[in-house]
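Structure first, then comments.
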Amino acid sequence: MFESGNKPVVEDTEENRAICRKYCRNCQNYRKYCLGKFQPTELFCACGQSSVPDMKLLGCYCTGCEVYTKYHLRGGFFCVRR
């Protein structure tokens, strides 16, 4: 669950993606920038930031997500920055 530098590593599993969908798809950034049309489409904390160009920080639901808690993540806005 942790890399050698004690940074949490989120597993890219269907279970985590299902949890993520409950949060990401309701997020202001996800809706405004149609993140489902760009890669990666979800689970940004595991897969990296979205390929949407020039995205701004509007709102973030990451901290309320069970994946965030399960993997002891910090920060948020994983769709914009890693």
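The values are calculated or read from the model by the stated rules, or taken from the named source; none is laboratory data. Everything numeric here is computed off the predicted structure, so don't read it as measured data. Cβ: placed from backbone, ideal geometry, glycine included. Neighbour counts: every protein chain shown.
Structure data summary
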{"quantity": "First in region 68-82 and over 9 Å from Q49 (Cα atoms), second anywhere and part of a loop (DSSP other than H, G, I, E, B), Cβ under 7 Å, 6 or more apart", "calculated": "Y71/M1; Y71/V10; G76/C60"}
{"quantity": "Residue count, region 39-70 (criterion: surrounded by 14 or more Cβ atoms within 10 Å (Cβ to Cβ) and under 22 Å from V9 (Cα atoms))", "calculated": "18"}
{"quantity": "Every residue from region 13-25 that is part of a loop (DSSP other than H, G, I, E, B) and at pLDDT below 95", "calculated": "R25"}
